[in-house]
Amino acid sequence: MSDDGADAADEADETDAAPPTDRHYAEWLDALADGDGFALVCPEGHGSLPPRRVCPECGAADLSREPLDETGTVATYSVVHVPSPRFADDAPYATAVADFGPTRLTGIVRDGGADDEAPEVEIGDTIAVDVGERATDGERLVVFRPAGGR
Amino acid sequence: MTDVRVAGVGLTPFGSHSERTGRDLFGEAALRAFEDAAVDRADVEELNYGNFMGALAEHQGHQAPLMAEAAGVRCPATRYESACASAGVAVREAVRTVAAGDADVVLAGGMERMTNLPTDEVTEGLAIAADDLFEVRAGVTFPGAYALMANAYFDAYGGSREDLAHIASKNHENALPNEYAQYRREVSVAEAMDAPPVAEPLHLYDACPITDGASALVLVSEEYAAEHDLDASVAVTGTGQGTDRMALGDREHLARTPAADDAADAAYADAGVEAADVDVAEVHDCFTIAEVLALESLGLFEPGEGISAAREGLTTADGDLPVNLSGGLKAKGHPVGATGGSQIAELTRLLRGDHPNSEHVPEAEVGVAHNAGGTVASAVVHVLEVAG
């Protein structure tokens with residue numbers, strides 16, 4: 001894969017840009033970067049991430065955009081030492097799954113420390129969500145930052 | 001509904017065959033299956049073939065007709081894809097086709113070619129079994145996803161890396177006499193503990209190898225077996241399949257695999273057996289933690305109890321319930337699109353008594369095979385029984 005919809009959307013007027021094939025993901029990432037991260041929530045309270053026509057849990061079609069909690073809680077994590085090529089210069093890095101109210105998000109934990117070390121992470125840590133860039137190729141990705149407390 | 005008999009099984013040796021084409025690998029497995037079955041190729045009515053990443057590894061889509069040629073059969077042929085459960089779903093559809101009376105003879109199995117790619121490209125290829133937008137782009141690799149599950153398991157139930165190392169050691173020991181296994185070499189618990197990390201808490205010996213190989217099964221109806229006086233003493237008596245949310249983070253519990261619970265419940269109900277009846281199991285241990293999750297989904301151990309089963313000797317070759325006597329994916333190898341078929345081939349040999357490890361289960365009547373795709377967003381379970 002040479003590109004994703006996120007950057008393609010920003011570079012649509014450049015002749016060498018790939019078509020914006022993942023528009024809903026790119027829009028969701030834009031919202032996250034602006035501090036307006038959201039989940040799609042059905043009347044039953046099931047949260048999911050876009051694009052959705054129906055709730056994946058119950059099939060309800062009336063989904064509303066609900067803000068993510070300001071901070072999340074690490075549900076599980078792993079420090080990855082053997083990356084895929086797209087993360088070659090990022091490893092070792094810590095991937096985490098975190099609860100953000102209506103839904104969970106998966107991202108990379110960064111604490112601003114040395115590039116060659118993955119930060120210490122524990123289940124139960126409080127983290128905030130942001131959008132960062134992959135060290136390997138500059139692609140945007142979901143980043144978690146320590147927000148105090150565990 | 002008719003009984004489905006396993007007339008013949010065939011495998012290639014699992015390992016590195018980087019210069020052999022997929023069609024050659026599947027052709028070999030099919031040839032062995034026909035030799036084992038003594039069934040006329042002309043009687044095959046369908047080919048169900050599993051493959052995951054052939055488009056990446058061999059630049060070859062539309063593989064089913066190619067594999068029909070390789071096997072020397074002329075019949076409707078279809079490729080099934082369900083990540084690492086690709087052969088499992090291919091076999092399941094073959095079982096259902098024969099059980100429904102729609103065909104008397106079906107060839108099922110799968111093939112994967114992986115070692116012709118560099119390791120990082122295989123890592124990338126396997127990662128696409130996860131959700132590209134919300135997992136892969138967030139750095140989730142295939143080992144990384146199971147590492148997330150392992151840490152969630154440790155947090156929920158306890159357990160340690162050493163417990164996992166006992167699973168690796170057990171499965172490597174089981175592979176020693178298996179002529180089809182990729183790694184016929186002992187790995188001690190200490191050696192597994194000392195290996196470099198892949199995705200913590202999983203280290204090198206928690207992971208299955210990268211493998212080329214193929215599997216093939218000749219499945220026939222009970223009536224066909226009787227008419228042709230086949231020696232087909234093992235029956236597939238139950239099949240079940242389950243599906244879960246694609247992304248690990250979207251599941252209710254990060255340390256359980258409900259898709260496999262559902263597959264097991266359906267397969268046991270189909271066969272009319274219970275977990276307590278199972279004498280021997282082949283489960284999808286792509287990573288050591290996956291064996292734990294499989295045993296708990298199959299109802300063979302309560303949640304939280306599977307982690308210590310190998311360490312306590314319950315699932316070793318001389319334990320009450322031997323698990324992965326083939327060596328498992330861990331030591332026998334994991335050509336992903338072939339694995340589901342190879343598990344049933346191994347279980348058939350164990351129940352027939354012609355597997356090098358059959359001596360550990362001389363009285364076994366009921367076996368179960370568990371095949372998973374992705375982080376168990378897909379799962380297939382089959383029950384095999386000695387039919388006499």
Would you mind stating whether A:Leu63 is in contact (Cβ under 8 Å) with a residue 60 or more places away in the chain and farther than 20 Å from B:Leu148 by Cα?
-> no
Restricted to the range B:117-132, and to residues that are open to solvent by 30 Å² or more (accessible area, probe 1.4 Å) and under 18 Å from B:His203 (Cα atoms), which residue is farthest from the other protein chains (Cβ to nearest Cβ)?
-> B:Thr119
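Answer yes if at least one residue in the range B:60-74 is on the phi > 0 side of the Ramachandran plot and modelled with pLDDT of 95 or more, and no otherwise. If you could, list the steps in order and put the result at the bottom.
Taking the range B:60-74 first, the residues on the phi > 0 side of the Ramachandran plot are B:62, B:72.
Pick out the ones that are also modelled with pLDDT of 95 or more and you get B:62, B:72.
The answer is yes, given that some residue of the range B:60-74 is on the phi > 0 side of the Ramachandran plot and modelled with pLDDT of 95 or more.
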Select from the range B:148-157 the residues that are of a type outside the set (A, V, I, L, M, F, W, C) and facing another protein chain (nearest Cβ under 7 Å) and write down the one among them that is least open to solvent (accessible area, probe 1.4 Å).
-> B:Asn151
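What about B:Glu186, is it at pLDDT below 95, outside any helix (DSSP H, G or I) and touching a helix residue (DSSP H, G or I) at 6+ places or on another chain (Cβ under 8 Å)? I'd like the intermediate steps shown before the answer.
Working: at pLDDT below 95: no; outside any helix (DSSP H, G or I): yes; touching a helix residue (DSSP H, G or I) at 6+ places or on another chain (Cβ under 8 Å): yes.
Spelling it out, it is not the case that B:Glu186 is at pLDDT below 95, outside any helix (DSSP H, G or I) and touching a helix residue (DSSP H, G or I) at 6+ places or on another chain (Cβ under 8 Å).
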Of all residues in the range B:170-201, which are in contact with a Phe, Trp or Tyr (Cβ under 8 Å, 6 or more places away or on another chain) and either surrounded by 20 or more Cβ atoms within 10 Å (Cβ to Cβ) or within 27 Å of B:Gly249 (Cβ to Cβ) (or both)?
-> B:His172, B:Ala175, B:Tyr180, B:Ala181, B:Gln182, B:Val187, B:Ala192, B:Ala199, B:Pro201
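Would you say B:Ala345 is modelled with pLDDT of 95 or more, away from chain A (no Cβ under 14 Å) and in contact with a Phe, Trp or Tyr (Cβ under 6 Å, 6 or more places away or on another chain)? It would help to see each step written out before you state the result.
Working: modelled with pLDDT of 95 or more: yes; away from chain A (no Cβ under 14 Å): yes; in contact with a Phe, Trp or Tyr (Cβ under 6 Å, 6 or more places away or on another chain): no.
Answer is no for this residue.
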Could you tell me which residue of the range A:93-112 is nearest to the other protein chains (Cβ to nearest Cβ), considering only residues that are free of Cβ contacts under 8 Å to residues at least 40 places away in the same chain and open to solvent by 40 Å² or more (accessible area, probe 1.4 Å)?
-> A:Arg104
Every listed condition ((1) within 9 Å of another protein chain (Cβ to nearest Cβ); (2) touching a strand residue (DSSP E or B) at 6+ places or on another chain (Cβ under 7 Å)) holds for B:Ala145 save (2)
Identify the residue in the range B:45-56 that is at pLDDT 95 or above and open to solvent by 10 Å² or more (accessible area, probe 1.4 Å) and, among all such residues, is farthest from B:Val6 (Cα to Cα).
-> B:Phe52
Is it true that B:Ala103 is buried (at least 17 other Cβ atoms within 10 Å of the Cβ) and under 30 Å from A:Ala39 (Cβ atoms)?
-> no
Considering B:Glu28, B:Glu135, B:Glu35, B:Glu81, which residue is more than 14 Å from chain A (Cβ to nearest Cβ) and open to solvent by less than 60 Å² (accessible area, probe 1.4 Å)?
-> B:Glu28
Selection from the range B:241-253 of residues surrounded by fewer than 22 Cβ atoms within 10 Å (Cβ to Cβ) and in contact with a helix residue (DSSP H, G or I) (Cβ under 6 Å, 6 or more places away or on another chain) yields B:Thr243
What are the residue pairs meeting all of these: first residue in the range B:46-74, first residue closer than 16 Å to B:Leu25 by Cβ, second residue open to solvent by less than 20 Å² (accessible area, probe 1.4 Å) and acidic (Asp, Glu), Cβ atoms under 9 Å, and 6 or more apart or on different chains?
-> B:Gly50/B:Glu112; B:Asn51/B:Glu112; B:Phe52/B:Glu112; B:Met53/B:Glu112; B:Gly54/B:Glu112; B:Ala57/B:Glu112
Among the candidates B:Glu296, B:Glu291, B:Glu312, residue that is without any contact (Cβ under 8 Å) to a residue 40 or more places away in the chain and either of a type outside the set (Phe, Trp, Tyr) or open to solvent by 20 Å² or more (accessible area, probe 1.4 Å) (or both) = B:Glu312
For residues that are more than 29 Å from A:Pro56 (Cα to Cα) and open to solvent by less than 20 Å² (accessible area, probe 1.4 Å), scanning just the range A:113-150, find the one that is farthest from the other protein chains (Cβ to nearest Cβ).
-> A:Pro119
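Is it the case that the range B:18-33 has a residue that's in a helix (DSSP H, G or I), of a type in the set (A, V, I, L, M) and over 26 Å from B:Leu176 (Cα atoms)?
Taking every residue of the range B:18-33 in turn, none turns out to be in a helix (DSSP H, G or I), of a type in the set (A, V, I, L, M) and over 26 Å from B:Leu176 (Cα atoms).
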Qualifying positions in the range B:255-274 - in contact (Cβ under 8 Å) with a residue 40 or more places away in the chain, open to solvent by 10 Å² or more (accessible area, probe 1.4 Å) and among the hydrophobic types (A, V, I, L, M, F, W, C) = B:Ala266, B:Ala271, B:Val273
Just wondering, is there one or more residues in the range A:57-72 that are within 12 Å of chain B (Cβ to nearest Cβ), within 28 Å of B:Glu124 (Cα to Cα) and out of contact with any Leu (no Cβ under 6 Å at 6 or more places or on another chain)?
-> no
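The values are calculated or read from the model by the stated rules, or taken from the named source; none is laboratory data. These numbers come from a predicted model, not from an experiment. Virtual Cβ from ideal backbone geometry, glycine too; neighbours counted across all protein chains shown. Just the protein is used for accessible areas: all its heavy atoms, side chains included, with ligands, DNA and RNA removed. Shrake-Rupley method; radii C 1.70, N 1.55, O 1.52, S 1.80 Å.
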